Amino acid sequence: MNRAETLLVNSPPRRWLQRLYEVRLLAQLGGRTPGVRAAEIGCGSGYGTKLILDAFGAARVDAVDLDPAMVERARRRLARYGDRVRLAVGDATDLRAALDADDNTYDAVFDFGIIHHIPAWRDAIAEVARVLRPGGRFYFEEVTATALARPTYRALFDHPTEDRFTAGEFLAELPRHGLETGEQWRTRIQGDYLLGAAVRTS
Ligand SMILES: C[S@@+](CC[C@H](N)C(=O)[O-])C[C@H]1O[C@@H](n2cnc3c(N)ncnc32)[C@H](O)[C@@H]1O
């Protein structure tokens, strides 16, 4: 993530949007997660982790980010949660290395705008599915190829330049890994953005 994007994702308006809009919509789409063991991929400075604990009601969150500076910021933000939070520097495509996460470990996995940063984005979805237990839920808020192609995005931010996904491509990938979005587990395309919840069925 470059400096402009770091400033944007950690800005008060983005926090406001995440807390008052994204999290409320995701909770409507997939339900809250009281008492569960959750993971967050690409936790950045840890604001999403705080919302998973406070708004979704998770008991514990294991959170990972590739950038050690972000993990350090998250560590400071989340210190008051003690052993309810475990933070690690690592890659979302290998949660065994980052978090020592076995198959079927988590009741919920959260992605607040990170998979579009990963060139091997299908591998990240496969890894989410691997660590979710059957019946576990995957919550995602993603930025589509349409947004990444816009002049403002191209001028300000750094993202993978190839194999970006549309909302349809992202949604089509989920069932290939046993993650289903159906009548109950719904998704919402909001302009250039995709939000939703899927359940691991197999
Ligand atoms: C747009 S930021 C979102 C951060 C946070 N989820 C939020 O909503 O504020 C994307 C984050 O993904 C992280 N990231 C990028 N590629 C990653 C990967 N392969 N594994 C883990 N984290 C990654 C970046 O370091 C950055 O903190």
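The values are calculated or read from the model by the stated rules, or taken from the named source; none is laboratory data. Predicted, not measured: the structure shown is a model, and the values here were computed from it. Heads up, the Cβs are rebuilt from the backbone with ideal geometry, glycines too, and the neighbour counts pull from every protein chain shown. For the accessible areas, the whole protein counts, side chains as well, though only heavy atoms, and no ligand, DNA or RNA atoms are used. Shrake-Rupley method; radii C 1.70, N 1.55, O 1.52, S 1.80 Å.
Per-structure values
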quantity: Filter result for the condition that a residue is open to solvent by 20 Å² or more (accessible area, probe 1.4 Å), within 12 Å of the ligand (Cβ to nearest atom) and without any contact (Cβ under 8 Å) to a residue 60 or more places away in the chain, over Ala92, Ala74, Ala69, Ala63; calculated: Ala69
quantity: Gly178 being open to solvent by 20 Å² or more (accessible area, probe 1.4 Å) and more than 15 Å from the ligand (Cβ to nearest atom); calculated: no
quantity: Strands (runs of 3 or more DSSP E) within the range 116-202 that include 3 or more residues within 19 Å of Val36 (Cβ to Cβ); calculated: 132-143, 193-200
quantity: Filtered residue count, the range 190-202, keeping only those that are surrounded by 15 or more Cβ atoms within 10 Å (Cβ to Cβ) and over 16 Å from the mean Cα position of the chain (by Cα); calculated: 1
quantity: Matching residues, the range 97-118, being within 15 Å of the ligand (Cβ to nearest atom) and more than 17 Å from the chain's Cα centre (by Cα); calculated: Ala97
quantity: Test: Arg186 is within 21 Å of Gln18 (Cβ to Cβ) and among the basic types (Lys, Arg); calculated: yes
quantity: Evaluation of Ala172 against (1) touching a residue at least 40 places away in the same chain (Cβ under 8 Å); (2) of a type in the set (A, V, I, L, M); (3) open to solvent by 40 Å² or more (accessible area, probe 1.4 Å) (one fails), failing number; calculated: (1)
quantity: Output for the range 13-65, where each listed residue is touching a Leu at 6+ places or on another chain (Cβ under 8 Å), of a type in the set (A, V, I, L, M, F, W, C) and part of a strand (DSSP E or B); calculated: Ala39, Ile41, Val61, Ala63, Val64
